[in-house]
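Q: Input: one structure, supplied below.
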Amino acid sequence: MNSSSLLSHRSQEPERSVLYMVGTPIGNLNDLSFRAINILKNVSLIACEDTRHTRKIMNKFNISNKLISFNKHNSLIKIPKIVKDLKEGKSIAIVSDAGMPGICDPGEDIARSVKYEGIDMICVPGACAALTALVSSGLPSSRFVFEGFLPKKKIDREKILLEISKNEKTTIIYESPKRLSKLLMELLEFCGGDREIMVARELTKKFEEHICNNINNVIEFFKDKDIIGEITIVIKGIKKTDFNPNKSIIKKDLNDLISAGLSLSAASKYLAKKNGLKKSEVYNLI
């Protein structure tokens with residue numbers, strides 16, 4: 001079989017001993033592709049984050065197949081069993097609750113394990129909240145950074161927020177509606193109120209909403225509102241000449257480095273190089 005006929009064959013029916021990473025809708029069920037429906041109908045089994053959620057998709061498209069649970073709570077136990085089934089000739093589809101498996105879910109872990117074992121894996125593409133929001137934002141989309149959900153640990157979170165504040169590329173973030181207000185205030189602190197952003201809510205659903213403005217105005221828009229729905233934030237990058245380092249953050253870093261044992265001179269030299277400042281500017285913050 002030549003390569004072109006192999007590709008044609010693979011687009012139709014599931015093959016034995018192949019893991020299929022199948023994209024599912026992020027809201028509107030009609031976004032499920034014909035190819036995805038065909039794969040889900042014909043694989044040996046479907047591994048999904050939440051069987052109740054996936055069952056809704058199956059019911060809409062008359063898909064009758066075996067479901068097993070595969071999520072962040074049981075992935076370490078389930079991965080060896082899935083690999084074993086694949087080696088025995090089964091075809092398996094991995095789906096997340098919404099969007100592409102492997103993006104902010106344990107699909108990433110099974111993909112790595114399958115590749116390590118030399119088992120074939122095929123992606124059946126579908127909706128992705130990050131790319132949908134990026135395209136909808138009107139912000140520069142040729143070069144971008146996807147951060148997913150920011151870490152909860154303060155030191156790790158502030159490190160990424162500082163990177164975002166200096167990034168020339170557009171940044172995409174996922175956030176819970178309950179934590180959106182906190183994140184917006186952090187973006188205000190690190191990026192300044194004039195930075196352009198878009199907050200996208202309920203993408204592809206009936207009440208889809210795009211709030212496009214600077215951070216100050218977006219904070220005002222959500223003030224005293226009950227925020228519901230899945231949230232994706234798109235943040236415009238800076239022009240290189242526009243970067244204005246956050247002196248309060250640099251001062252904190254300076255004190256932390258000194259507390260860790262560095263001399264004032266060494267800590268100032270390091271932070272000056274990191275932030276594009278003169279050593280004397282950092283030195284004088286103390």
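Q: If you count the DSSP beta bridges with both ends in the chain, what percent of them are antiparallel, to the nearest 5?
A: Details: 17 of 37 bridges.
Looking only at bridges with both residues in the chain, the antiparallel portion is about 45 percent.
Q: Multiply the residue gap between GLU108 and LYS87 by 0.36 nm, knock off their C-alpha separation, and tell me the result in nm, one decimal place. Before the final figure, lay out each step's value.
A: Details: separation 21, 0.36 × 21 = 7.56 nm, distance 1.91 nm.
That works out to 5.6 nm of additional length.
Q: Further, regarding this structure: Once you have the Kirkwood Rh of the stretch 3-127 from its Cα pairs, apply Stokes-Einstein at 10 °C and 1.306 mPa s and quote D in µm²/s. Before the final figure, lay out the partial values.
A: On the way: Rh = 14.3 Å.
Here the translational diffusion coefficient equals 111 µm²/s.
Q: Right, another one. Calculate how steeply helix 180-191 sits against the longest principal axis of the alpha-carbon atoms of the chain, using the helix alpha-carbon long axis, and give the answer as 0 to 90 degrees to the nearest 10.
A: Orientation of helix 180-191: about 50 degrees from the principal axis.
Q: Two-decimal Rg/Rh of the chain from alpha-carbon positions, Kirkwood Rh?
A: Numbers: Rg = 23.0 Å, Rh = 21.6 Å.
Looking at the chain, the ratio lands at 1.07.
Q: Tell me, what ³J(HN,Hα) does each residue in the stretch 79-85 have, in order and in whole Hz, if you take phi through Karplus 6.51 cos²θ - 1.76 cosθ + 1.60 with θ = phi - 60° and put x for Gly and Pro?
A: Those phi angles translate into 4, x, 5, 5, 4, 4, 4 Hz.
Q: Which angle between 0 and 90 degrees, to the nearest 10, do you get for helix 107-116 versus the longest principal axis of the chain when only C-alpha atoms count?
A: 70
Q: Further question: Work out, step by step, the length gained on full extension between PHE221 and ASN42: first 0.36 nm times the residue separation, then minus their alpha carbon distance; give nm to one decimal. It would help to have the intermediate numbers written out before the result.
A: Details: separation 179, 0.36 × 179 = 64.44 nm, distance 4.70 nm.
Full-extension gain reported as 59.7 nm.
Q: Considering only the stretch 137-239, what is the antiparallel percent among its DSSP beta bridges, to the nearest 5?
A: Values: 16 of 21 bridges.
Given both bridge residues lie in the stretch 137-239, the antiparallel proportion sits at roughly 75 percent.
Q: Between SER44 and residues 5 or more places away or on another chain, which pairs have amide H atoms under 5 Å apart, with H built 1.01 Å from N, and which residues are they?
A: The list, which skips near neighbours in sequence, is SER91, ILE92.
Q: Compute the FRET efficiency between CYS212 and LYS66 as 1/(1 + (r/R0)^6), taking r as their Cβ-Cβ distance and R0 = 41 Å, and round to the nearest 0.05. Don't skip to the end; give the middle numbers.
A: Values: r = 44 Å, r/R0 = 1.07.
After rounding to 0.05, the efficiency reads 0.40.
Q: Now for a separate question. Below 14 Å, Cα to Cα, which aspartates and glutamates can LYS274 reach? Residues fewer than 8 away in the same chain don't count.
A: GLU163, ASP253
Q: Pairwise over distinct Cα atoms, reciprocal of the mean inverse distance: report the Kirkwood radius of the stretch 137-239 in Å, one decimal place.
A: Numbers: mean 1/r = 0.0730 Å⁻¹.
Evaluated on the stretch 137-239, it is 13.7 Å.
Q: Roughly how far apart, in whole Å, are the Cα centres of the stretch 184-238 and the stretch 97-176?
A: So the separation of the two Cα centres works out to 18 Å.
Q: Another question, if that's okay. With the Cα gyration tensor of the stretch 77-183 in hand, give its eigenvalues times 5 under a square root as the equivalent ellipsoid semi-axes, listed largest first in whole angstrom. Numbers along the way, then the final one.
A: Working: eigenvalues 205, 57, 34 Å².
Equivalent ellipsoid semi-axes, largest first: 32, 17, 13 Å.
Q: While we're looking at this one, here's another question. Mean-square fluctuation check for the chain, GNM, Cα pairs under 10 Å: which of ALA272, ALA47, ALA260 is largest?
A: Result for the chain, Cα springs under 10 Å: ALA260 fluctuates most.
Q: With contacts defined as alpha carbon pairs under 8 Å and 6 or more residues apart, what's the relative contact order of the stretch 137-239 in percent?
A: Computed over the stretch 137-239, the figure is 36 percent.
Q: If you don't mind, another one. Nearest 10 degrees is fine. How inclined is helix 51-60 to the longest principal axis of the chain, computing both from alpha carbons?
A: Tilt of helix 51-60: around 60 degrees.
Laboratory data are not the source of any read-out in this text; all were calculated from the coordinates shown. Everything quoted here is computed from the prediction, not taken from an experiment. Neighbour counts are summed over all protein chains in view; Cβ atoms, including those assigned to glycine, are modelled from backbone coordinates with ideal geometry.
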